[in-house]
Every structure is written in structure tokens, then in C-alpha cells.
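Take a look at the structure below.
The values are calculated or read from the model by the stated rules, or taken from the named source; none is laboratory data. Remember, it's a predicted structure, so these values are computed and weren't measured experimentally. Methodologically, a virtual Cβ is constructed for each residue, glycine included, from the backbone with ideal geometry; neighbour enumeration extends over all protein chains shown.
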Amino acid sequence: MFSVYLDASSDKDKVALSIGAYIATDEQWEEFGREWKELLAEYGIEMMHATDLEASQGEFRGWAKERKISLQKRVAGIINRRVNIGVGATIPYSDYYAVVTGDYRLVCGSHYNYCFNLVLTQIGYWIDKYRRDQPMQYVFEKGDIGLGDCFHALNNQKKRKFDNRKRYLIGSYSAQDKSEIIQLQSADILAYEQMKHFANRIAFGELRPQRKMLDALANPGRVVSIRHDREHLRETMAAMDLDDADAYPEMAALRAGRVKNEIKN
């Protein structure tokens, strides 16, 4: 059985939101956990948290640059050995709310909901490519501000004309504490590295080099990371046929409600 562990990351200035996910078999995740616990013990820390490591705060306060880099290399090695694929998506806040308006916002929901659906789509491509057929469990970080959006998106898949529960092999989904479910810590790292990389490019230009940690994680064919900026968002909105009740049942329900209210008034 495969399991998906997901986490999100956003910068304090709300430039970009990123969601990262890693997929592996339960046996691979078990080996991941064994190696990860050994690594944490070796470095004398309780949990790997990318934000704290970069800011040298919490358990990482006072760490020399060399020690931080050494830990990052070891972390990347475990992830690359033990997972099948990483999937991620990033959305610039300002682009999303400038482009996705009106009825499109009603269908697409929040930026978090849209970003998660991008991740879900990439997971679907992976399922198709490797012809997976066993239900997967989706595990999210407990307390995440967008958790309700993710659960709503998964529930919404059941309302589509096509059986997307099977399309995305949705077996179960839950929210867990990443201090206890350490597999979530891998998703924390991917989400953070994507967010920092794209936030830096938005702020300083597209020529800014890729972050070294993201480079270490981005093995060809092992990580799929996409960004939807204004151009991509406009293309997506243009391709959406909101009149298709089978594709967008929620839009059909909303429009039916509007007509009913107009008649009533």
C-alpha cells in the first residue's frame, strides 16, 4: 500500500504558498522512519523543521553553517533513497487573487484549495503512469490553516461525473502531528524549499539560482514541482467551461440557486 504525506509552507510576507507531498510504500516509509530517527538522534534534535533550521532557531539555535549543511545533505539522502516520488505546487498570492475572480473563485476556492488540487492532479498523473490501483492514505499536517480546504477538495472529488475517488486512489485521509508522524517532516522540507525558491525568484528575478537543498531533492523523474503564476492561471481559467454541469456540479448548483432567488424576488 502507498501512503502520501503532505505539508504546506508560506512566507511571512505572503508572497507564495507551496504544498509538498511525498509518496512511498508503507515498507519504504518504515525504513524511512528508522533512518530518520537515527539521524535525529545523531544530531541531538527531536524534529526536523526546515523553517527553524534556516533561521537557526529552536533546536538549531547556535548551529554553525557547516553543521546545518551536513544535516541537510543527510536528510536529502534519506528522502531520495526511501520515497518513490515527490510532488509539489506553488501559487503566488497576488497572482491568484488578481486572476481567479467571480464564478471562477467560487469553483476554485481559496489559493490553498487550488494549490492542493494542483498537487492532486500531479499525483493522478503518477498513478496513471505507473498503473497503480491500490487505495492510498493521504496524511496531512495537523493544525494546518488550509486543512479544511484539502478535506473539502477530496470530498468534492466524489461529486464529479467521473469516479475521482478511484482516479486519485483516495482510500483514507487524516491529519496528524508531524512531531509524532515523522514522515510528515519530509513533506515539510519539500514545501519549504519550493516556497523559498519561488518567493526568491518573485522578489529577485527568474535568474536567481535554485536553492542547493532543493537541488539535492530534485532528482530527475523523482520530484515534480510546478508553479502557477498569472500566465498559467489565465490559461487555466480560459480552459474551464463553467457551463459543464458534469465537470462543475457545484457551479450548476450555485446557478440554479441564483435563478430560484431571482424568480422568488
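Of the residues that make up the stretch 47-66, is at least one in a helix (DSSP H, G or I), in contact with a strand residue (DSSP E or B) (Cβ under 6 Å, 6 or more places away or on another chain) and closer than 27 Å to Gly148 by Cα? No, that holds for no residue.
Residues of the stretch 120-176 that are modelled with pLDDT under 85 and of a type in the set (Lys, Arg): Lys158, Lys159, Arg160, Lys161, Arg165, Lys166, Arg167.
Identification of helices (runs of 4 or more DSSP H) wholly contained in the stretch 76-143 with 2 or more residues that are within 18 Å of Ala8 (Cβ to Cβ) and among the polar types (S, T, N, Q) yields 111-130. Of everything in the stretch 235-253 that's modelled with pLDDT of 75 or more and loosely packed, with under 15 Cβ neighbours inside 10 Å, which residue is nearest to Tyr93 (Cα to Cα)? Only one residue tops the list, namely Glu235.
Number of residues in the stretch 188-205 that are out of contact with any Lys or Arg (no Cβ under 8 Å at 6 or more places or on another chain) and farther than 19 Å from Asp13 by Cβ equals 2.
Selection of the stretch 194-234 for residues being of a type in the set (Lys, Arg), surrounded by 18 or more Cβ atoms within 10 Å (Cβ to Cβ) and farther than 30 Å from Tyr130 by Cα yields Lys196, Arg201.
For the stretch 177-205, taking the residues that are of a type in the set (Phe, Trp, Tyr) and more than 18 Å from Lys73 (Cα to Cα), the one that is modelled with the lowest pLDDT is identified as Phe204. Taking every residue in the stretch 37-63 that is more than 22 Å from Leu6 (Cβ to Cβ) and pairing it with any residue that is β-branched (Val, Ile, Thr) and part of a helix (DSSP H, G or I), at least 6 positions away or on another chain, the pairs with Cβ-Cβ distances below 9 Å are Gln57/Thr51; Gly58/Thr51. Checking the stated criteria, Arg67 turns out to be of a type in the set (D, E, K, R), surrounded by fewer than 16 Cβ atoms within 10 Å (Cβ to Cβ), over 18 Å from Leu190 (Cβ atoms) and modelled with pLDDT of 95 or more. May I ask you to verify whether Arg234 is in a helix (DSSP H, G or I) and more than 21 Å from Ser10 (Cβ to Cβ)? So Arg234 passes the test. Restricting the stretch 81-116 to residues that are of a type outside the set (A, V, I, L, M) and closer than 15 Å to Tyr5 by Cα leaves a set whose member that is surrounded by the fewest Cβ atoms within 10 Å (Cβ to Cβ) is Asn84. Within the stretch 212-231, being outside any helix (DSSP H, G or I) and either among the hydrophobic types (A, V, I, L, M, F, W, C) or more than 16 Å from Gln122 (Cα to Cα) (or both) holds for Ala218, Asn219, Val223, Val224, Ile226, Asp229. For the stretch 25-46, filtering for residues that are over 21 Å from Ile85 (Cβ atoms) and either β-branched (Val, Ile, Thr) or outside any helix (DSSP H, G or I) (or both) leaves 3. Within the stretch 241-252, residues that are of a type in the set (Phe, Trp, Tyr) have Cβ atoms under 8 Å from residues that are surrounded by 14 or more Cβ atoms within 10 Å (Cβ to Cβ) and at pLDDT 75 or above in these pairs: Tyr248/Val107; Tyr248/Met240; Tyr248/Leu242, counting only partners at least 6 apart in sequence or on another chain.
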